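Read the structure below first, then the notes.
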Amino acid sequence: LKWSERRGALLEVLDELDADILCLQEVEDYDRFWVKELSSRGYSGVYKKRNSDRKYDGCATFFRTDKYEKLDIQGIEFDHHCSQRGGDATPDFATHNVALITVLRPRNRANGHFVVANAHLFWDPSYEDLKISQARALVRAAEEMAGRYGSAPIILAGDFNSVPTSCVYSYITSAAAFSSAYATVSKN
């Protein structure tokens, strides 16, 4: 579908969900479209664009301003994080994948803050090691941010480009010990 057709359909779905927090990936037209549309619905947002002049999308996290206030944000560029670690997972090309970590606190409360980590991992299933490296960088950064706020709880969201039988899914739900919303919904 063309963007002019998709955007209306996307807004309909988001309106139906009526969520307090939205984590979106492959977001284009952040300032011109998303901020305008979602601010009129009571949301505020933060954005991390992919680190390439040829890529026009990124990750956006929106939250209801009447319920939450933003305390902190951190953008992650996986090419940089993964190349610092070296090893087999570092390809000889740039993926330009990014993540956005946001610390939110319920309004009118001194505590209760939590971390929302929103990521878009590499797409190609033949690069499972690279995607695991990106997932590890995401979890590590989210845990570091949570540690700055007294071990705040973490919500991990995103387009992981992985199925439940993948090593990435296994790492996130087993080694990193995150609960899977997918598994919870699938049981019901």
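The values are calculated or read from the model by the stated rules, or taken from the named source; none is laboratory data. Remember, predicted model here, so these are calculated numbers, not experimental data. With ideal geometry, Cβ positions are generated from the backbone for all residues, glycine too; neighbour counts draw on all protein chains shown. Only protein heavy atoms, including side chains, enter the accessible area calculation; ligands, DNA and RNA are left aside. Shrake-Rupley method; radii C 1.70, N 1.55, O 1.52, S 1.80 Å.
Results, tabulated for the structure shown:
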read-out	value
ASP72 long-range amide H proximity, modeled H, under 5 Å	VAL103
Calculated [θ] (222 nm, deg cm²/dmol) that DSSP helices of n ≥ 4 give over the chain, each run adding -39,500 (n - 2.57)	-9000 deg cm²/dmol
Whole-number accessible area per residue in Å² for the chain, which is evaluated in the context of all protein chains at 1.4 Å	55 Å²
Antiparallel bridges, percent of DSSP beta bridges restricted to the stretch 48-180 (to nearest 5)	75 percent
Exposure rule at most 15 other beta-carbon atoms within 10 Å, DSSP loop chymotrypsin sites (Phe, Trp or Tyr not before Pro): the chain longest free segment	124-188
Residues of type lysines that LYS55 reaches as a straight line, Cα spacing below 29 Å, ignoring anything fewer than 8 places off in the same chain	LYS2, LYS36, LYS70, LYS131
Carbon plus sulfur fraction of accessible area for the chain, probe 1.4 Å, in percent	48 percent
Cβ-based charge dipole, the chain, positive-most Cα from THR102, ILE172, THR184	THR102
Whether the stretch 1-121 is rounded, prolate or oblate, judged on the alpha carbon gyration tensor where a/c under 1.5 counts as rounded	oblate
Magnitude of the charge dipole, the chain, Cβ model with Lys/Arg +1 and Asp/Glu -1, debye to 20	520 debye
